[in-house]
């Protein structure tokens, strides 16, 4: 067994699990993917893997222990599983009362709750940023466009707002345009918040021209970054462009960028800035 | 001229201007309504009145001064005026650069900005709650349904959140369900926020049963209550019921109830509670 053994990657949907797997292997460690049936991309079968159903953590735990896995990371989204798709095993049935509570609070609560249960099975939970730090959003501007002075002020306002919202466990995103807080993300998610701002502009209720304003996202203060660090990819840039924003600012180190080259290509093509920022942004 | 002269009521749309006019007259003071063309209800012509276009504050000021009016209150909504509907006069043209800025920030900014300009014309701006205090939402439960213990906790969480958002000049509303902040109102307004929560439930992204959760609204800390104290009527109760909430809590004294009997009738029929609450809510 190599130092620490392989890293177990519990894979939800999207391209993010492959990015983490590649980054971990580039550091010389083995990976074993546990692919969630109905969510994980079948292309992930190119790695050492096991398929499992979301409700069958008991079987995953047994296979992971047998393979010498001590560290587990979970990446990729889980959208609205139905109970009959879960494939409940006895480990999960015992935990059902707690799981039922988790389900009521939306995806983020579900994800973090399930991961808490994984930890109880005897594994060390790691964040994607810990096992693959090169995927973390760096500080600074990523593409060829940078934020204007006004955009920098909007970013600072948005960061302050997200940090203020932290104790209320509210979503991590906000749209700020020329000093106005135009939209705050709660349970609806970033995409829907961006669409809402775009619609407020198109309907004329907000009269900002296109190419102004910023999507600002940051992890909640005290948020467990091993669990639900937001990821930032080309789709978010496209949504921000459709909404008419000037750019995107995520807290530096507070988001995962699965594919920086693809992100930059889209941002440059659409004319948006993408910046990693911290509280010291001037 | 009676003590202080008549009260001038600048009337936007809705039933609210008539409620204020009746409440003022019940206290023995005269009213003169200045009806905003394209917005005010023509039924308001039953009061002493002048029609004017939104951009013609200069003519309003002259008429009001000639009638001995010293105090002015503005009530009713102004939805998305188009520039060509404004009927700009020279007083307004001089102020256009400031007005142009106001327009970009949405309805609330527009309303408060225009009122600031009215004050500069030499009138005392009053709030509807000052000239007609009996229209203010009282503390306590208004209808026959009261909040559960969980709803009271949700109300307290929502009030705290709205107060925290105050310095960011963000909207005054939030939906809290069983301890989860499900939606935060910014530029989109209360109705759209309620519709969003209802859609999150119907789509299954949030799995709260109907009849749980609370719409909480409060004036922003430091907000000028003479200008945009929210009003609370049967339509808001209907929207909250459609969204699947258990009830509505507005800060006591922080909202205008144009027609309490109609509000209570709808709330009782739909099974929702309506409460005026303060920070001391237990």
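The values are calculated or read from the model by the stated rules, or taken from the named source; none is laboratory data. Because the structure is a prediction, the values reported are computed rather than measured. In this analysis, Cβ positions are derived from the backbone assuming ideal geometry, glycine residues included, and neighbour counts consider all displayed protein chains.
Of note:
- The residue pairs whose first member lies in region B:25-44 and is not assigned by TED's automatic domain parsing to the domain that holds residue B:65, whose second member is modelled with pLDDT of 95 or more and surrounded by fewer than 19 Cβ atoms within 10 Å (Cβ to Cβ), and whose beta carbons are closer than 6 Å, counting only pairs six or more residues apart or on different chains, do not exist in this structure.
- Residue, surrounded by the fewest Cβ atoms within 10 Å (Cβ to Cβ), within region A:162-173, restricted to residues that are at the interface with chain B (Cβ under 8 Å from one of its Cβ atoms) and in contact with a helix residue (DSSP H, G or I) (Cβ under 6 Å, 6 or more places away or on another chain): A:164
- Residue selected from region B:240-263 under the condition touching a strand residue (DSSP E or B) at 6+ places or on another chain (Cβ under 7 Å) and assigned to a helix (DSSP H, G or I), by the criterion surrounded by the most Cβ atoms within 10 Å (Cβ to Cβ): B:240
- Once region A:68-90 is narrowed to residues that are modelled with pLDDT of 90 or more and under 20 Å from residue A:128 (Cβ atoms), the residue that is surrounded by the most Cβ atoms within 10 Å (Cβ to Cβ) is A:69.
- Residue count for region A:245-265 satisfying the condition of being in contact (Cβ under 8 Å) with a residue 24 or more places away in the chain and more than 23 Å from residue A:182 (Cβ to Cβ): 11.
- Filter pass, residue A:149 being away from every other protein chain (no Cβ under 11 Å) and without any contact (Cβ under 8 Å) to a residue 24 or more places away in the chain: yes
- Hits in region A:174-195 - residues which are within 7 Å of chain B (Cβ to nearest Cβ) and more than 19 Å from residue A:153 (Cβ to Cβ): A:186, A:187, A:188
- One residue stands out in region A:230-239 among those that are touching a helix residue (DSSP H, G or I) at 6+ places or on another chain (Cβ under 6 Å) and free of Cβ contacts under 8 Å to residues at least 60 places away in the same chain: the one that is surrounded by the most Cβ atoms within 10 Å (Cβ to Cβ), namely A:237.
- Subset of region B:196-212 (residues that are more than 9 Å from chain A (Cβ to nearest Cβ) and either in contact with a strand residue (DSSP E or B) (Cβ under 6 Å, 6 or more places away or on another chain) or surrounded by 16 or more Cβ atoms within 10 Å (Cβ to Cβ) (or both)): B:198, B:201, B:212
- Residues located in region A:32-43, provided they are within 19 Å of the chain's Cα centre (by Cα) and either crowded, with 18+ Cβ neighbours inside 10 Å or in a helix (DSSP H, G or I) (or both): A:33, A:34, A:35, A:36, A:39, A:40
- Residue in region B:44-56 that is surrounded by the most Cβ atoms within 10 Å (Cβ to Cβ), counting only those that are out of contact with any helix residue (DSSP H, G or I) (no Cβ under 6 Å at 6 or more places or on another chain) and part of a loop (DSSP other than H, G, I, E, B): B:54
- Qualifying residue in region B:261-276 (condition: under 14 Å from the mean Cα position of the chain (by Cα), in the same structural domain as residue B:201 (by TED's automatic domain parsing) and at pLDDT below 95): no
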